[in-house]
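What follows is one structure encoded as structure tokens, with my remarks underneath.
The values are calculated or read from the model by the stated rules, or taken from the named source; none is laboratory data. These numbers come from a predicted model, not from an experiment. No Cβ is skipped: glycine too gets one built from the backbone with ideal geometry, and neighbour counts run over all protein chains shown. These area figures cover heavy atoms from the full protein model, side chains too; ligands, DNA and RNA do not enter into them. Shrake-Rupley method; radii C 1.70, N 1.55, O 1.52, S 1.80 Å.
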Amino acid sequence: MAGDGESISVRDPAPAQPLSSRVLAAYGAPALPLAALGLPVFIHLPTFYATSMGLGLATVGAILLFARLWDVITDPLIGFLSDRTGGRFGRRRPWIVAGLPVVLAATWALFVPPDGAGAWHLLLWSLALYLGWTMMILPLSAWGAELSPDYHERSRIAAYREGFLVLGTMLALGLPVAFGHVDADDAGEALTVIAIMIIVALPLAVILLLAATPDSRLRAMQGAIGPIRGLGVLSRNDGFRRLIIAYLINGIANGLPATLFLLFVTHRLAIPEQAGILLAIYFLCGVLAVPVWLRLSYRFGKHRVWCAAMVWACLWFAMVPLLGPGDFWPFLAICVLTGIALGADLVLPASMQADVIDADTVETGERRAGLFFALWGMATKLALALAVGLGFPILSFAGFDSDGDNPQGALVTLVVLYSLVPVIFKGVAIVFMIGFPITAERQHEMRLRIEQSGIEERDNANTSA
């Protein structure tokens, strides 16, 4: 391995063969039903348990925040263990298979609760769902980081996975409408429809993943780097520090409008019947914008383009307080314009995560993708938990009533939480991403050092399927 001050010019890295669309589709397939599960968990389920199940906004917010804190234990544990999994079945496959029945059982229990289900039911099955979800999505994400060493190909891999996530989200939006469950009073029936879809689709997607996607041939880690040194390496990884902080803060910025969307459309705009189409257009614009953001990132770099996308989103979110009852068309325009920025949020941070892992591999000689994606998973879940755990109690303190009329002060609080607070958070995230150290040139250099060390190349023949 070349020293830090040595010019690296021995040879260029071996060109990585692009992955076929068949492999990428098989890899991304489980993301679709997992996303169809994620939308109601983050948007519909809190409101359903707070209103239809009678638990109240503050109680549901506190329960879901506590349940998310469970991930502080499970995420790093599963990441640590999956990095150390080996054998004929692969590094990531065993965890996805083991997590499947946990997710299926918890989905049915939460989405189709028995009569009289209360706070304990919500808490215990939320803990089970988050555990199973971690067992599936964390190894899936780490698997994607190991499919290719190429800087731009990683964006393509992330685009397939995140594209399936958005399609799953749109499917979760469309299914209840297709079955005629469009009103708030039909929330229970809508959740039942989504639960049935997940229970059917998720096992089929996992079978496709296992049959068609090559798993990494990298050796399982055997503790070559100790936990104390490992934490020290993480603390010195400037790219990791900047990215995970920006990722967390931007996640809160995205989580607040996501969790408050139904309340905003119902109580501020007074058009609850239009919520489904507005969300669908928002996510559709995100998917359609992905190729544009990818092309921009090829020219200007991932972190610069992500910052530009966050600025773009801030400009349009700042217009939301000008809206009032019945403003469907202006809000539709804002959904289109902020949805365009969503495409960058979906793909570019996920691609940069794999590049940050390269910097760690150069120093440690190990591929710790599971641990890294565990930390990013914790940041994602913590951001969403804070959005619910802060947004709902603040609304409750302001006197907001989800079932009736609200004073002007409560509606102003809703608008500020939905639009202006996310703008502030995104601005902070942009500050952290300015000067992000891993460019295409820097990743090219790191890839050469990794290849020279012999850590990764056993994997390349497998990823050209």
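Annotations
- Positions within the range 343-368 being farther than 21 Å from S297 by Cβ and either β-branched (V, I, T) or touching a helix residue (DSSP H, G or I) at 6+ places or on another chain (Cβ under 7 Å) (or both), in sequence order: D360, T361, V362, E363, T364, G365, R367, R368
- Considering the range 55-73, and only residues there that are hydrophobic (A, V, I, L, M, F, W, C), touching a Phe, Trp or Tyr at 6+ places or on another chain (Cβ under 7 Å) and at pLDDT 80 or above, the residue that is nearest to P139 (Cα to Cα) turns out to be W70.
- Whenever a residue of the range 130-158 is farther than 15 Å from P214 by Cβ and aliphatic (A, V, I, L, M), its partners that are open to solvent by 10 Å² or more (accessible area, probe 1.4 Å) and not in a helix (DSSP H, G or I), lying with C-beta atoms within less than 8 angstrom and at least six residues away or across chains, give the pairs L131/W70.
- Residue check for I434: over 27 Å from F261 (Cα atoms) and open to solvent by 30 Å² or more (accessible area, probe 1.4 Å): yes
- The criterion of at least 1 residues that are in contact with an Asp or Glu (Cβ under 8 Å, 6 or more places away or on another chain) is met, among helices (runs of 4 or more DSSP H) falling completely within the range 336-445, by 369-397, 408-415.
- Of all residues in the range 267-281, those that are within 16 Å of P40 (Cβ to Cβ) have Cβ atoms under 6 Å from Cβ atoms of residues that are assigned to a helix (DSSP H, G or I), 6 or more apart or on another chain, in A275/L262; A275/V265; G276/L173; G276/V177; L279/L173; A280/M170; A280/L173.
- Pairs linking a residue in the range 416-440 that is in contact (Cβ under 8 Å) with a residue 60 or more places away in the chain and farther than 19 Å from H303 by Cα to a residue that is open to solvent by 60 Å² or more (accessible area, probe 1.4 Å) and part of a helix (DSSP H, G or I), with Cβ atoms under 9 Å and 6 or more positions apart or on different chains, are L417/L390; L417/I394.
- Among the criteria (1) within 18 Å of the chain's Cα centre (by Cα); (2) closer than 17 Å to D71 by Cα; (3) open to solvent by less than 40 Å² (accessible area, probe 1.4 Å); (4) touching a residue at least 40 places away in the same chain (Cβ under 8 Å), the one L123 does not fulfil is (1).
- Pick from the range 1-36, criterion at pLDDT below 85 and under 19 Å from I157 (Cβ atoms), ranking: least open to solvent (accessible area, probe 1.4 Å): P13
- If the condition is being part of a helix (DSSP H, G or I), open to solvent by less than 30 Å² (accessible area, probe 1.4 Å) and closer than 19 Å to A318 by Cβ, then the range 259-273 contributes L260, F261, F264, V265.
- Just one of (1) touching a residue at least 60 places away in the same chain (Cβ under 8 Å); (2) touching a Ser or Thr at 6+ places or on another chain (Cβ under 9 Å); (3) surrounded by fewer than 24 Cβ atoms within 10 Å (Cβ to Cβ) fails for P393. It is (2).
- Condition check for P76: farther than 19 Å from T361 by Cα and modelled with pLDDT of 80 or more: no
Yes/no per residue for (1) under 15 Å from V166 (Cβ atoms); (2) part of a helix (DSSP H, G or I); (3) at pLDDT 95 or above:
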site: A275; (1), (2), (3): no, yes, no
site: G286; (1), (2), (3): yes, yes, no
site: L294; (1), (2), (3): yes, yes, no
site: V305; (1), (2), (3): no, yes, yes
site: M310; (1), (2), (3): no, yes, yes
